[in-house]
Amino acid sequence: MTKARRIDPEIRIADSEAPGISFEFFPPKTEKMERVLWQSIRRLEPLNPRFVSVTYGAGGSTRGRTHATVTRLLRETALVPAAHLTCVGAPRQEIDQIAHDYWDAGIRHIVALRGDAPAGIDGYRPFPGGYAYASDLVAGLRQLADFEISVAAYPEIHPDADNVQSEIDNLKRKIDAGANRAITQYFFEVEIFLRFLDHVRAAGIDIPVVPGILPVTNFQQVIKFSAACGCTVPVWLAQRFEGLEDDPEIRKLVAASTAVQQCRRLQKEEVNEFHIYTLNRAELAYAISHMLGLRPWGSETRHGSIHYD
């Protein structure tokens, strides 16, 4: 007779196994959206993420709102805010002044991006007298102050890139200019990220490459977003959300379990840091973080892992 395997219910604290989590928000357009955003921020704050970033609209369209959100995060929360900053829509002197203003306000982390063309403009063109590309912006920020600088990476290559090698070459230019970290566009197939990471490491790039995780709540919207950014939407993902168009609560459960499964597979490959695109909603981001082992700051199981011996 086979002896039953003993399950030890003891929860042991294992900080080394806890993932590093960061969250991304976007600046609100209306008072109602602002209330939703700050409710989400307050809900996620106790998880003590490594940082939270605030996006910057196409063409610099949310510049003022981004600045207001980031500085309020610094004033009113214990979170570490990171401000997105792009090359578009302004000369170098103006962008430098924005960066100076962030530094003077106490913001020490910038997510430096090329940015997208403003609405109605066909294709990206460097702004006259501005920073042409993200690598130029990174180099400029390095001369201004000792910022922590994150940059973007694209496991399925940027729509403007010719091939994987040009994508890697561009990332390397940003790293050589002084970037500390790369955060990826979201993806759904783990193998796509792992192949990209192999290319990155083969190119001698050794900074952290943090996978961007997008919980899917509106599948049709994700299809639209993915078509624009070149992200593959696999058949298996469509099948998971099939028939749930009018069932938002079940969609949330499916979304959370799918994102956790994705993170668990990455953890098996020794990837243990994740950047969650919250879409300004806390529930899924909190649920995913909880299932990955994070607990509110001060809890005995802040970085808990359940071990079965």
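Has region 93-107 got any residue that is open to solvent by less than 50 Å² (accessible area, probe 1.4 Å), more than 15 Å from A132 (Cα to Cα), outside any helix (DSSP H, G or I) and of a type outside the set (D, E, K, R)? If you could, list the steps in order and put the result at the bottom.
Step one: filter region 93-107 for residues open to solvent by less than 50 Å² (accessible area, probe 1.4 Å), giving 95-96, 98-99, 102, 105-107.
Pick out the ones that are also more than 15 Å from A132 (Cα to Cα) and you get 98-99, 102, 105-107.
The next check asks that each one be outside any helix (DSSP H, G or I); those that pass are 106-107.
Pick out the ones that are also of a type outside the set (D, E, K, R) and you get 106-107.
Checked against the condition, which is being open to solvent by less than 50 Å² (accessible area, probe 1.4 Å), more than 15 Å from A132 (Cα to Cα), outside any helix (DSSP H, G or I) and of a type outside the set (D, E, K, R), region 93-107 yields at least one hit.
Among the residues of region 108-126, count how many are open to solvent by less than 70 Å² (accessible area, probe 1.4 Å), in a loop (DSSP other than H, G, I, E, B) and either at pLDDT below 90 or not basic (K, R) (or both).
Residues in region 108-126 being open to solvent by less than 70 Å² (accessible area, probe 1.4 Å), in a loop (DSSP other than H, G, I, E, B) and either at pLDDT below 90 or not basic (K, R) (or both): 6 in total.
Is there any pair with a first residue in region 47-63 that is farther than 12 Å from F26 by Cα and a second that is among the aromatic types (F, W, Y) and modelled with pLDDT under 95 whose Cβ atoms are under 9 Å apart and which are 6 or more apart or on different chains, and what are they?
If the second residue must be among the aromatic types (F, W, Y) and modelled with pLDDT under 95, the pairs left are L47/W297; N48/W297.
Say whether the condition of being of a type outside the set (G, A, S) and at pLDDT below 95 is met by at least one residue in region 172-192.
No, there is no match, as no residue in region 172-192 is of a type outside the set (G, A, S) and at pLDDT below 95.
Taking region 100-117 on its own, how many of its residues are more than 24 Å from I41 (Cα to Cα) and in contact (Cβ under 8 Å) with a residue 40 or more places away in the chain? Break it down stepwise before answering.
Start the filter on region 100-117 by keeping residues that are more than 24 Å from I41 (Cα to Cα), which leaves 100, 114-117.
Now drop any that are not in contact (Cβ under 8 Å) with a residue 40 or more places away in the chain, which leaves 100, 115-117.
Within region 100-117, residues that are more than 24 Å from I41 (Cα to Cα) and in contact (Cβ under 8 Å) with a residue 40 or more places away in the chain number 4.
Regarding region 133-141, can at least one residue be identified that is under 23 Å from the mean Cα position of the chain (by Cα), on the phi < 0 side of the Ramachandran plot and in a loop (DSSP other than H, G, I, E, B)?
Taking every residue of region 133-141 in turn, at least one turns out to be under 23 Å from the mean Cα position of the chain (by Cα), on the phi < 0 side of the Ramachandran plot and in a loop (DSSP other than H, G, I, E, B).
Yes or no: region 133-147 includes at least one residue that is modelled with pLDDT under 95, surrounded by fewer than 15 Cβ atoms within 10 Å (Cβ to Cβ) and of a type outside the set (D, E). Spell out how you get there, then give the answer.
We begin by selecting, within region 133-147, every residue modelled with pLDDT under 95; these are none.
Within region 133-147 (the criterion being modelled with pLDDT under 95, surrounded by fewer than 15 Cβ atoms within 10 Å (Cβ to Cβ) and of a type outside the set (D, E)), the answer is no, since none of the residues qualifies.
Conditions first: (1) touching a residue at least 60 places away in the same chain (Cβ under 8 Å); (2) under 20 Å from T184 (Cα atoms); (3) not aromatic (F, W, Y). I121 passes all but one, so which condition is the exception?
Checking I121 against (1) touching a residue at least 60 places away in the same chain (Cβ under 8 Å); (2) under 20 Å from T184 (Cα atoms); (3) not aromatic (F, W, Y), the one that fails is (2).
Quick one: which residue in D176, D198 is acidic (D, E), part of a helix (DSSP H, G or I), surrounded by fewer than 15 Cβ atoms within 10 Å (Cβ to Cβ) and in contact with a helix residue (DSSP H, G or I) (Cβ under 9 Å, 6 or more places away or on another chain)? Please lay out each step first, then the result.
Details: D198 fails: in contact with a helix residue (DSSP H, G or I) (Cβ under 9 Å, 6 or more places away or on another chain).
None of the other options fit; the residue is D176.
Have a look at V164, V151 and point out the one that is touching a residue at least 24 places away in the same chain (Cβ under 8 Å), over 24 Å from V52 (Cα atoms) and of a type outside the set (D, E, K, R).
Values: V151 fails: over 24 Å from V52 (Cα atoms).
Sole residue among the options that is touching a residue at least 24 places away in the same chain (Cβ under 8 Å), over 24 Å from V52 (Cα atoms) and of a type outside the set (D, E, K, R): V164.
Looking only at region 39-68, how many residues end up being crowded, with 18+ Cβ neighbours inside 10 Å, in a helix (DSSP H, G or I) and modelled with pLDDT of 95 or more?
The total comes to 5.
Exactly one of these conditions fails for G129: (1) among the small types (G, A, S); (2) surrounded by 15 or more Cβ atoms within 10 Å (Cβ to Cβ); (3) in contact with a Lys or Arg (Cβ under 8 Å, 6 or more places away or on another chain); (4) over 19 Å from F23 (Cβ atoms). Give me its number.
(2)
The values are calculated or read from the model by the stated rules, or taken from the named source; none is laboratory data. These figures come from a predicted structure and were not determined experimentally. Cβ coordinates were reconstructed from backbone atoms using ideal geometry, including for glycine residues, and neighbour counts include every protein chain displayed. The protein model used for the area step is the full one, side chains on, heavy atoms only, and it has no ligands, DNA or RNA in it. Shrake-Rupley method; radii C 1.70, N 1.55, O 1.52, S 1.80 Å.
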